[in-house]
Amino acid sequence: MNIIQTIDLTKRYKINNIAIDALQNVNLKIEEGEFVAINGPSGSGKSTLLHMLGCIDRPTSGKIYINNTDTSTLSSKALAKLRLRQLGFVFQQFHLLPTLTAFENVELPMREAGVPGNKRRKRTKSLLELVGLGSRTRHIPSQLSGGEQQRVAIARALANRPAIVFADEPTGELDSSTGERILDIFESINRKSLQTIIIVSHDESVTSRAHRVIHLKDGRIVQ
Amino acid sequence: MSLENLRRRRYRTLFTITAIGIAIALMVLLTSVSLGLKENSAASGSIDFWVVPADSDILDPVLGSGQTMLGDVHSEIETLFLDPRVKGASPVLNRVVYAYTNDPNKTSVVLATGVIPGAIDVMPAAASGFKGGDPYFFGGGWTDEAVINRQMADLLGLDVGDRLNLDISTGIFASPKGFKVVNVIDTVDYSGIPVIVIHLSELQYITGNLEGDRADQILVEGPDAGPLLEKLYPDHLVLSGSEYTTFKIVSDKRILATAAATALVSFILGMLFIGTTMVMSVSELEGDMAVMSAIGISRISILKSVFYESLFLSAGGGLTGVLLAVVGNMFLNNMLTRVIGLNVSPAIEPMLLIGGFTVSVGAGIFTGIMVALLMKRPDMTRAF
């Protein structure tokens, strides 16, 4: 079953009145439970594609279906709800909220989703244990290493049991062994929970673990 | 999260709260001083109700002397005491009189207050040294008893046991009556101007109000006495503590103008301080807001956190303002008493403190809503 499908997805930016097609007629299908890597040279449209698939930005034309829902028909509020409940995000620079502890950062999406307190705390604890940070729950991001912050970010992305987890260069800021550990976590999530993982990366070690690699060039899928 | 954000930028938060606090404290102090200068205190303490004629200027003993007064006040008090809800009650007559010790050509203008001593448990009616009740009115002798405050004692160089004369006119129309000082009130929360307190009927005699048994107001102790007073005095104003303060402010255009102007300035200053902090905060948190939006936190939740931040700042500023006002009032009175022998605002009315806090929180709510409304939708792609 396709969890994501795009039809003639196009994104056009205007810079100084010059139109630039960041994505051109991208047709893509991703199956539920796939581990997909998107790569390509700088400016190829990888991040733009991730923004589109993650409902962060709207396409200029074309359609995106997530779980058979045409996202172009959804309001900003409905898209926020979709991102909260069905999509998880892991960013290159971790982007944890600096004033909140690891525990509070992971708890935040569940709090927004209205998960009851007891259930929320239990899940937060188990997620932090899952990423190996059961003993660092009360630390704020500045007290954690880069690898630890990224693991908290993964736990946050998994908070509401999303069907799809998007990661943008998740190992880009980490040393290779820490990066491997992060990828192990993604692989394990994909294998155990059958969650779809879509990672944008230049990193060879990422593409080697993916079930499928989508290569972009000049806003088009080339392989 | 809002509290955490404020804690994270603790110096800016502290500065904003202090700045708002100063504005609020100044507002409370200025209004309080206006009230203190105007009101030449009838009483201080926990009075539950004031009964005043509807069109009376209860604050001004000079301008108020030509206004409507209450009549037959002694019998009114006797009627009140028949009801168990009334724990204490006394009529009050305030008049400006001439006072002198030995030389009738060296008079000082002071405020004379007439009360029924012992009839109510608040100053000055509760001052020690007085014979209880109002003997002269009921056919007893002239008591000669006077209680004065420290300002009056200093003005005329009087002490307990000394004698002085009171009159409402000087020169050929003078017919002074002599009094003996039986006590000097030293408490600072009593009136800041020279005051002499005597038995009501004796002041009524001096000022020509004995016939008709007139007074300016009746003070009543007894928190449950409201309905009784409303029933007994349908044509008068029956004011509770907070209503009395409000009445004092709104019944005098000068005080009202001071209160309104200071409240407006404080509101604007509060808005500016909170607004500046919030704009800086929102601009600093743009990245965090983009991340929050990206992970699905709704716009309304983000706006709520901005609004709460503004509310916490204003509440902190309001509380600081109230504390500063109380401390400032004590300092001001202390300083002025030492320098010019006058404490301008004997005590800050609780209503003014509530007003100060409300102005601050109002500024916070207004600014919070404005900042939230003007805030742009965060650019979520910034998170990537």
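The figures follow:
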item: Which listed residue is in a helix (DSSP H, G or I), away from every other protein chain (no Cβ under 11 Å) and either touching a Ser or Thr at 6+ places or on another chain (Cβ under 9 Å) or surrounded by 17 or more Cβ atoms within 10 Å (Cβ to Cβ) (or both), from A:Arg136, A:Arg151; result: A:Arg151
item: Scan of segment A:134-173 for residues that are of a type in the set (A, V, I, L, M) and under 17 Å from the mean Cα position of the chain (by Cα), ordered by number; result: A:Val152, A:Ala153, A:Ile154, A:Ala155, A:Ala157, A:Leu158, A:Ala159, A:Ala163, A:Ile164, A:Val165, A:Ala167
item: Strands (runs of 3 or more DSSP E) lying entirely in segment A:1-96 (those with 3 or more residues that are modelled with pLDDT of 90 or more and more than 9 Å from chain B (Cβ to nearest Cβ)); result: A:2-15, A:18-31, A:35-39, A:61-66
item: Filtered residues of segment A:177-206 (kept if out of contact with any strand residue (DSSP E or B) (no Cβ under 9 Å at 6 or more places or on another chain) and over 26 Å from A:Gly45 (Cβ atoms)); result: A:Ser177, A:Thr178, A:Glu180, A:Arg181, A:Asp184, A:Ile185, A:Ser188, A:Lys192, A:Ser193, A:Leu194
item: Residue match in segment A:154-165 (condition: among the basic types (Lys, Arg), buried (at least 22 other Cβ atoms within 10 Å of the Cβ), part of a helix (DSSP H, G or I) and within 13 Å of chain B (Cβ to nearest Cβ)); result: yes
item: Complete set of residues in segment A:149-180 that are touching a residue at least 40 places away in the same chain (Cβ under 8 Å) and of a type in the set (D, E, K, R); result: A:Arg156, A:Asp168, A:Glu169, A:Glu173
item: Complete set of residues in segment B:278-325 that are of a type in the set (D, E, K, R) and at the interface with chain A (Cβ under 8 Å from one of its Cβ atoms); result: B:Asp288, B:Arg299
item: Which listed residue is of a type in the set (Gly, Ala, Ser), modelled with pLDDT of 85 or more and surrounded by fewer than 15 Cβ atoms within 10 Å (Cβ to Cβ), from B:Ser169, B:Ser108, B:Ser175; result: B:Ser108
item: All positions within segment A:124-145 that are touching a residue at least 12 places away in the same chain (Cβ under 8 Å) and farther than 22 Å from B:Glu4 by Cβ; result: A:Leu130, A:Val131, A:Gly132
item: Test for B:Ala89: is it of a type in the set (A, V, I, L, M, F, W, C), closer than 19 Å to B:Ala215 by Cα and at pLDDT below 85; result: no
item: Segment A:97-125, residues that are within 10 Å of chain B (Cβ to nearest Cβ) and among the charged types (D, E, K, R); result: A:Glu104, A:Arg111, A:Glu112
item: Among residues of segment B:110-130, those that are part of a loop (DSSP other than H, G, I, E, B) and either of a type in the set (Val, Ile, Thr) or in contact (Cβ under 8 Å) with a residue 40 or more places away in the chain (or both), counted; result: 13
item: Residue pairs meeting the criteria (Cβ under 7 Å; at least 6 apart or on separate chains; first farther than 16 Å from A:Thr6 by Cβ, in segment A:203-223; second small (Gly, Ala, Ser) and modelled with pLDDT of 90 or more); result: A:Val206/A:Ala37; A:Thr207/A:Ala37; A:Ala210/A:Ala37; A:Val213/A:Ala37
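Yes/no per residue for (1) at pLDDT 85 or above; (2) of a type outside the set (Lys, Arg); (3) buried (at least 22 other Cβ atoms within 10 Å of the Cβ):
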residue: B:Phe267; (1), (2), (3): no, yes, no
residue: B:Thr277; (1), (2), (3): no, yes, yes
residue: B:Glu286; (1), (2), (3): no, yes, no
residue: B:Tyr308; (1), (2), (3): yes, yes, no
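The values are calculated or read from the model by the stated rules, or taken from the named source; none is laboratory data. None of the values given here were measured: they were computed from a predicted structure. Note: ideal-geometry Cβ built from the backbone for every residue, glycine included; neighbour counts use all protein chains shown.
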